[in-house]
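Enquirer: Below: one structure in structure tokens.
Each value in this text was obtained by applying a stated rule to the coordinates, not by laboratory testing. The structure displayed is predicted, hence computed values, not measured ones. Cβ placement follows ideal geometry from the backbone for every residue including glycine, while neighbour counts extend to all protein chains displayed.
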Amino acid sequence: MLAKDPACRPQTPAQVAQALQQILTASSPKPPHWKAVLWVLACITIPAAALVFASLKSEPARESLLSVSVFFVVVVFLGWGLLLLNWLKSRYFPTPPVIRTLELRRTKEQVWGVIADFDSYLSWRGELLNVHRKKQLSFGTEEDAPKWWREVYRDGHSRDFFTLALEISEPSHLRLHFVPITAAFTWDVDLAPTESGTRVIITVKPSWSPFALFAWSLRKQTQDAESYLQSLAARFGEPADVRQG
């Protein structure tokens, strides 16, 4: 992950390339914590206790508790089966991030003023049909609370995302958390100075989720990232030379 602290952020093209290489070769997720093991034991113990309790009851009560216990066991094992499959996939077949870059003849401050103004996205992102701020229940101070938006694309799909003030380093780093029902993922938008202006780097990575095994679409994530950068280039009237990595 590229550092959030501007003082630690890569500045030269060589440093940016090295940081991106570290992202591509990042270590796989660690195996489940010991708390997860306790959850497994609890999920096994509860239906087992219910079965023992049912054996001491009358026939109708026994049949009812047995049906509930069997259903509970099936649901639990299916859920943990998904978690196990997803962990094995991330452990032995990790999903590579989508990385796209764009060179602009603008300063970081000029680019930041556009990408960080979410309320103006509809005015320059041609792939969007609508975008609006969402009201979400939050806790803590208003400054630290997540800020939510919803994007609706012209091709029919839509998605919600939120930002956290603690994960934003103006004018260098912007993180968007996308939270569709099936699987979540993050966008890290980094601005690195170049001799002629600014390099915009988008890194898209899936979040760990039991549904990510089936829901992650490399083609779709690549298409959305490239459309974003193409619209950004058009916003500044520059060539949309979007590159991989």
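Enquirer: Largest first and in whole Å, what are the equivalent-ellipsoid semi-axes of region 96-244 based on the Cα gyration tensor, each being the root of 5 times an eigenvalue?
Expert: Each semi-axis is √(5λ); the values are 24, 19, 15 Å.
Enquirer: Just to confirm a number: summing +1 for Lys and Arg and -1 for Asp and Glu over residues other than residue 203 whose beta-carbon lies under 10 angstrom from that of residue 203, what do you get?
Expert: +1
Enquirer: Provide the per-residue ³J(HN,Hα) series for region 160-165, in order, calculated from phi with Karplus coefficients 6.51, -1.76, 1.60 and θ = phi - 60°, each as a whole number of Hz, with x at glycine and proline positions.
Expert: Each residue's phi maps through the Karplus curve to give 9, 8, 9, 10, 10, 4 Hz.
Enquirer: As a footprinting exposure proxy, order 190, 119 by other Cβ within 10 Å, with the fewest listed first.
Expert: If I rank by nearby Cβ atoms, fewest first, I get 119, 190.
Enquirer: Also, I was wondering about something else. Provide 112, 149 in ascending order of the number of other Cβ atoms located within 10 Å of each residue's Cβ, fewest first.
Expert: 149, 112
Enquirer: Arrange 228, 153, 92 by Cβ neighbour counts within 10 Å, fewest through most, would you?
Expert: Placing the least packed residue first, the sequence is 92, 153, 228.
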